[in-house]
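Read-outs throughout are calculated quantities, based only on the coordinates presented, and are distinct from any laboratory measurement. Because the structure is predicted, anything quoted here is derived from the model rather than measured. Here the Cβ positions follow ideal geometry from the backbone for every residue, glycine too, while neighbour counts run over all protein chains shown.
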């Protein structure tokens, strides 16, 4: 049990806390680290991911790491205040997407913080329609928009939930300029609000996730709550790594059928748009690079050992370790691509 | 008739709709109170003079001052030993002791001793509880 | 079929309930926090055992809040605010022990009512709950807000305080995660750094009820002696169940309301007891006694907030959507074990479902027994000299404020601001009870009001949306009429005497 490990650790460190120097000698690492996350919920995916990483890191480095679900704005503030390396952060693509969408309180993370290694992917971002919807596929939706039918899409504006919607508008514009005006957002909040918008017939398509909506797709068609997946935004190579059985009644093959390339929403007329929600570390800009390097190395070893992957997979995450350097290049590239999508569609209107 | 009740809300400015509505209601209610209670409002100065005269100033202002010092000191003290919660611990002990003494009427050793024990044991226990079993961050 | 019932399973429920009661009973610490800190433990416990612990904590945490609400007038958790309205006056009259007993029994009854509903009707009720769109949810909140009028000592001042509470709750960004556009409003220039997310509920609550009360005592010079003299707990309380005579309807109604509010996603946990209390007062034969130590008020509040426990699990287990902030954390317990929650959960996981029902049942019984036995120990709180009790309460308030959002110092300053505001409010004759209710319900009122108009574009929608909306209007009008009649009566009676 974790309690005992924690309590033993507690007893030992309580006794030595005041006597010992405050940094572990070997790596210049702070003995007590705080990992703030961009979510206020300790039940959500960001927290779970961070807890898995914090556990593994604290064991590997022999330091205490506490995960604090303070939410995005407070997490960035805490990170900005602390250059000693005693505060680190885990968040996902929301960090730069919100900045791209111009949400209050979000700076450019690449400029104001140091982007660290990625750790996992939540492959679940999806779009759904009611079971009795006339739209069978994304093709139908784009065709409807082209034919002048208004398609209402429920999203939470300003980030991860909106990027797929922006891509859809962009694809409509590429297909038939002007038709993107027929794809309109229904601005809602939580998953519960988005589902409700569908049931109230306020939205034709909703943003959701495999995890939260899969069971609704398994309901009998005459159930008013029944839904169908029309689009899963993950990269095919990400979904390939998911368990073959998939989730619930949806197998991996079913998921792949709704993702690129079988379901195509184009990015530029050639490549498909894809979006994976990737979790990564963020550091204070002035933090001692040695600490960042120590964390990066430790994570590399942890992933090489292979146990962390099992825990991640058990919670339907795709393990995704990229060293800080690779992660930075990859995420920067991803950001630039999305920036283009967003500016394309906002430039047009 | 149907047109009168129609409302269009632009999402971009929808954050102002409700605050404006509430501000108007608040203003009207405030106005009503100002008219109804004008006599009482006019008597505000003597009322506050009486209140201040009747107040136990050392205890009241002392509590506020100690509390503000306590809150202000916690973070800087805690920053000396980051993420250990010691800022909370080291500030709570003198705070409890000082407010306890302030609230006390007869400061004889027999009364002070239990307070000293609580001032020491209370924060230490809470600090231990939050830092280890509960694993929560303290300043 | 019941092989999950092991000694470990049972002891986790009992342990969870006990720890939950303690968390609930300490001002500033909540059931949500108890569940949050224990969530990581459940990974190694396995699903059934983990849920046993969490559900024990949940039931205990919601129930424990009544203890400080009655004895100190400080709600231990936001959902026990309405318990202070009648519990504390009773305690001041020397009926603290009776008030505690009433609260405990009502809590148990509310818990059991909601459990039965959960067990028998979960999927059906979830289907009904999704008929509540933005419009109906706004009307429910509006109905809850009418209690402001009912609670006011001076109706004009009371409503003003309540509207002020709503106004202050709107400070900060229009929350994106509940459907807003994320824009700042009502934030004075230069304070954006702190006020971006506005003031959070718990620090405001413990500031208004905890720090402000202690400041008032300090102003009076902290009268000597311990509070036991005011409260007279244990002064040979002769309790009989006759207080519950004529309260069966109230008990069932309040438990039912609590359950239903729990079922509606997005209406919020604290609203349950407020709505139950409003209802009890509206339908009472002696509504004028509410707020002055009326047992029916405690019954409504406590049956309401414990009714929430079973109710909030309904949308969680039949839609995969949490009914309140604590059940939102339970989702984490399921996903940690790789178990999906959604409309198929109950059918796919009959063992887990049974385990949850049994755990809730055991937790409710354990809560009743433990709290009943512990009444005498609870009562010891008031024998502690004030010069020791008050500083310790202040420290706990700080802890609660700081840890509620996992370590945000501004929350501690919020506590200070609202502590001083609470003291000032007393001087200005602003009323704290309607203020806090406005503050709690303000954000939901906004989102559902604005979204209703945004989606339907017509004011008439509030009246024409559905039969549910019309029924809610009847309740709203009923509640307002009762409040107005009462205020008139009070004024008439008051003319003979000194003041109303």
Can you give the Rg/Rh ratio of the stretch B:55-131, where Rg is from the C-alpha atoms and Rh is the Kirkwood radius?
1.03
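How long are the semi-axes of the ellipsoid equivalent to the protein assembly as shown, from square roots of 5 times the Cα gyration tensor eigenvalues, in whole Å, largest first?
Values: eigenvalues 389, 240, 156 Å².
They are 44, 35, 28 Å, listed largest first.
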At q = 0.18, 0.23, 0.25 Å⁻¹, what base-10 log of I(q)/I(0) does the Debye formula yield for the stretch C:57-126 when every alpha carbon is treated as an equal point scatterer in vacuo?
-0.66, -0.90, -1.00
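How do C:253, C:289 rank when sorted from fewest to most other Cβ atoms within 10 Å of their own Cβ? Don't skip to the answer; put the middle values down first.
Values: C:253 21, C:289 16.
So the residues, fewest neighbours to most, are C:289, C:253.
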For chain B, set up a Gaussian network in which alpha carbons nearer than 10 Å are linked by springs, and say which option among B:119, B:43, B:73 fluctuates the most.
B:43
Would you please classify the overall shape of the stretch C:417-500 from the alpha carbon gyration tensor, given that a ≥ b ≥ c denote the square roots of the eigenvalues, rounded means a/c under 1.5, and beyond that prolate means a/b larger than b/c while oblate covers the rest?
oblate
Nearest 10 degrees is fine. How inclined is helix B:86-103 to the longest principal axis of chain B, computing both from alpha carbons?
90
Acute angle (nearest 10 degrees) that the helix B:17-36 long axis makes with the longest principal axis of chain B, alpha-carbon atoms
90
Equivalent-ellipsoid semi-axes (√(5λ), Cα gyration tensor) for chain C, whole Å, largest first?
32, 28, 24
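Which FRET efficiency value, to the nearest 0.05, is calculated for residue C:471 and residue B:7 with the Förster distance at 41 angstrom and r the Cβ-Cβ distance? Don't skip to the end; give the middle numbers.
Details: r = 24 Å, r/R0 = 0.58.
Once the sixth-power term is evaluated, E becomes 0.95.
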For helix B:44-54, what angle does its Cα long axis make with the longest principal axis of chain B, in degrees from 0 to 90 and rounded to 10?
10
Solvent-free Debye scattering, log10 I(q)/I(0), computed from the Cα coordinates of the stretch C:245-345 at q = 0.15, 0.22 Å⁻¹:
-0.59, -0.95
From DSSP H assignment alone, runs of 4+ in the protein assembly as shown each adding -39500 (n - 2.57), the sum over residues rounded to the nearest 500 puts [θ] at 222 nm at -20000 deg cm²/dmol
The exposure ranking of C:58, C:193, C:88, fewest beta-carbon neighbours within 10 Å first, is C:193, C:88, C:58
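Mind checking C:44-54 for the average number of partner chain beta-carbons within 10 Å of each residue's beta-carbon? Write out the running numbers ahead of the final one.
Working: counts 5, 3, 0, 0, 0, 0, 0, 0, 0, 0, 0.
Mean shielding by partner chains, rounded to a whole number: 1.
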When chain A is treated as a Gaussian network with springs between alpha carbons less than 10 Å apart, the largest mean-square fluctuation among A:205, A:103, A:186 is found at A:103
Gain in span if fully extended, residue C:489 to residue C:131, counting 0.36 nm per residue against the direct Cα distance:
125.0 nm
According to a simple spin-label model (label point 7 Å from Cα along Cα-to-Cβ), what is the distance in nm between residue B:51 and residue C:153?
1.3
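If we count other beta carbons within 10 Å of each Cβ, what is the order of C:489, A:313, fewest first?
Values: C:489 13, A:313 16.
The most exposed by this proxy come first: C:489, A:313.
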I'd like the mean, over residues of C:331-341, of how many other protein chain beta carbons sit within 10 Å of each residue's own Cβ.
5
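Within a 10 angstrom radius of each residue's Cβ in A:303-316, how many Cβ atoms of other chains show up on average? Whole number is fine. Before the final figure, lay out the partial values.
Values: counts 0, 0, 0, 0, 0, 0, 0, 0, 2, 0, 1, 5, 6, 3.
Other-chain Cβ atoms within 10 Å of each residue's Cβ, averaged: 1.
Computed FRET efficiency, Cβ-Cβ of residue C:2 and residue C:44, R0 22 Å: what is it to the nearest 0.05? Before the final figure, lay out each step's value.
Values: r = 23 Å, r/R0 = 1.04.
With R0 = 22 Å, the Cβ-Cβ based efficiency is 0.45.
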Quick one: grab the alpha carbon gyration tensor of the stretch A:58-116, order the square roots of its eigenvalues as a ≥ b ≥ c, and give me rounded if a/c is under 1.5, else prolate or oblate depending on whether a/b is larger than b/c.
prolate
At q = 0.10, 0.12, 0.13 Å⁻¹, what log₁₀ I(q)/I(0) does a Debye calculation on the Cα points of chain A give, no solvent, two decimals?
-0.63, -0.88, -1.00
Distance in nm between label sites at residue B:113 and residue C:339, each 7 Å beyond Cα in the beta-carbon direction?
5.4
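Rank-order B:45-56, C:63-74, C:29-40 by packing density, defined as the average count of other C-beta atoms within 10 Å over each peptide's residues, highest first. Could you put the intermediate results ahead of the total?
Details: B:45-56: 11.3, C:63-74: 29.9, C:29-40: 26.2.
Going by the mean number of other Cβ atoms within 10 Å, highest first, we get C:63-74, C:29-40, B:45-56.
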